[in-house]
Amino acid sequence: MEQLPGVAAEISILHLFWKADWVVKLVMMGLLAASVGVWAIAIDKFILYRRTRQAMKHFENVFWSGQSLEDLYRALAARPTDSMAALFVAAMREWKRSFEGPHPAIASLQMRLEKVMDVTIQREVERLEKWLLVLATVGSASPFIGLFGTVWGIMNSFQAIAVSKNTSLAVVAPGIAEALLATAIGLVAAIPATIFYNKFSSEVNKQATRLEGFADEFSAILSRQIDERV
């Protein structure tokens, strides 16, 4: 029983890492770096989506408060905007350009406004989706990369067994444990990445739907004003 601590030390994670083949080490280091990246992206996205939801709520409260569209446009156009405010500014900017000069371009104004808002929504969705492809890639590829490290490690273990001509468990177990550690680290990177990707994709869809809903409502408001001016 006195040898158990020594045995535990021999199969500790750190010991297994240092004893692994250099290819397996590279695989594990890459997967660990991917895991850190996944959590960094996740924290950034949690903050971004929270701020975006708050900005949408604040803008909707101001927009539906009865404030003049011109006053709201002047206030927002003077500073960088994103999300729903950017959608409003883009549509109002096209609206004002259409009425500049001696000959207002009203004929296809409704179509241009809808196009401008569609392009703005697309840009906002791209901004919200940034780095999500990395999460999807890590979630799908990490288990296979870890499996590659495991296969490589087991091949080396079998070669060592063949050279030593000793098949006892004490000889086989450390090499197999080193190899399986790569798969474990691959799962550690893949599982959070998959969960975060699904959650963030759902959040992007919700915010995109909210933007599209506002675009439809604002388009209807502008359409009525166009009819009144014709």
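The values are calculated or read from the model by the stated rules, or taken from the named source; none is laboratory data. Bear in mind the structure is a predicted one, so any value in this text is a computation, not a measurement. Note: ideal-geometry Cβ built from the backbone for every residue, glycine included; neighbour counts use all protein chains shown.
For Thr137, the criteria (1) surrounded by 14 or more Cβ atoms within 10 Å (Cβ to Cβ); (2) under 30 Å from Gly37 (Cα atoms); (3) among the polar types (S, T, N, Q) hold in every case but one, which is (1). At least 2 residues being surrounded by 17 or more Cβ atoms within 10 Å (Cβ to Cβ), modelled with pLDDT of 85 or more and in contact with a Ser or Thr (Cβ under 8 Å, 6 or more places away or on another chain) is the threshold, and among the helices (runs of 4 or more DSSP H) wholly inside the range 1-78 those reaching it are 22-63.
Residues that are among the small types (Gly, Ala, Ser) and surrounded by 17 or more Cβ atoms within 10 Å (Cβ to Cβ): does the range 97-114 have at least one?
Initial filter on the range 97-114 (among the small types (Gly, Ala, Ser)): 98, 101, 105, 107-108.
Of the ones still in play, those that are also surrounded by 17 or more Cβ atoms within 10 Å (Cβ to Cβ) are 98.
Yes, the range 97-114 contains a residue that is among the small types (Gly, Ala, Ser) and surrounded by 17 or more Cβ atoms within 10 Å (Cβ to Cβ).
Using beta carbons and a limit of 7 Å, which pairs, at least six apart or on different chains, have the first residue in the range 32-52 and within 22 Å of Ser140 (Cβ to Cβ) and the second one of a type in the set (S, T, N, Q) and part of a helix (DSSP H, G or I)? Correct list of pairs: Ala34/Ser142. Cβ separations smaller than 8 Å between residues 6+ apart or across chains give the following pairs from the range 180-191 residues that are buried (at least 17 other Cβ atoms within 10 Å of the Cβ) to residues that are not in a helix (DSSP H, G or I): Leu181/Ala20; Ala182/Ala20. Among residues of the range 199-214 that are at negative phi, those with a beta-carbon under 6 Å from a residue that is buried (at least 20 other Cβ atoms within 10 Å of the Cβ) and of a type outside the set (A, V, I, L, M, F, W, C) at least six positions away or on a different chain give the pairs Phe200/Lys45. Just so you know, in the range 149-175 the residues that are of a type in the set (Val, Ile, Thr) and either assigned to a loop (DSSP other than H, G, I, E, B) or surrounded by 15 or more Cβ atoms within 10 Å (Cβ to Cβ) (or both) include one that is modelled with the highest pLDDT, and it is Thr150. Of all residue pairs spaced 6 or more apart or on separate chains, those with beta-carbon atoms under 7 Å, a first member in the range 140-151 that is closer than 17 Å to Ala177 by Cβ and a second member that is among the hydroxyl-bearing types (Ser, Thr, Tyr) and in a helix (DSSP H, G or I) are Gly146/Thr183; Leu147/Thr183; Thr150/Thr183. Does Ile121 satisfy the criteria of being modelled with pLDDT of 95 or more, under 30 Å from Ala77 (Cβ atoms) and either assigned to a helix (DSSP H, G or I) or of a type in the set (Phe, Trp, Tyr) (or both)? Against the criterion (modelled with pLDDT of 95 or more, under 30 Å from Ala77 (Cβ atoms) and either assigned to a helix (DSSP H, G or I) or of a type in the set (Phe, Trp, Tyr) (or both)), Ile121 qualifies.
Comparison of Ala91, Ala107, Ala141, Ala136 shows that the only residue that is outside any helix (DSSP H, G or I) and more than 19 Å from Thr52 (Cα to Cα) is Ala107.
Does any residue of the range 90-107 turn out to be hydroxyl-bearing (Ser, Thr, Tyr), more than 26 Å from the chain's Cα centre (by Cα) and more than 27 Å from Ile191 (Cβ to Cβ)?
There is at least one residue in the range 90-107 that is hydroxyl-bearing (Ser, Thr, Tyr), more than 26 Å from the chain's Cα centre (by Cα) and more than 27 Å from Ile191 (Cβ to Cβ).
Of all residues in the range 42-58, those that are touching a Phe, Trp or Tyr at 6+ places or on another chain (Cβ under 7 Å) and over 18 Å from Leu187 (Cβ atoms) total 1. When Phe144 is tested against (1) at pLDDT 95 or above; (2) within 21 Å of Ile47 (Cα to Cα); (3) of a type outside the set (Asp, Glu); (4) surrounded by fewer than 16 Cβ atoms within 10 Å (Cβ to Cβ), just one condition goes unmet, and that condition is (2).
Restricting the range 197-230 to residues that are among the charged types (D, E, K, R) and under 30 Å from Ser140 (Cα atoms) leaves a set whose member that is surrounded by the fewest Cβ atoms within 10 Å (Cβ to Cβ) is Lys206.
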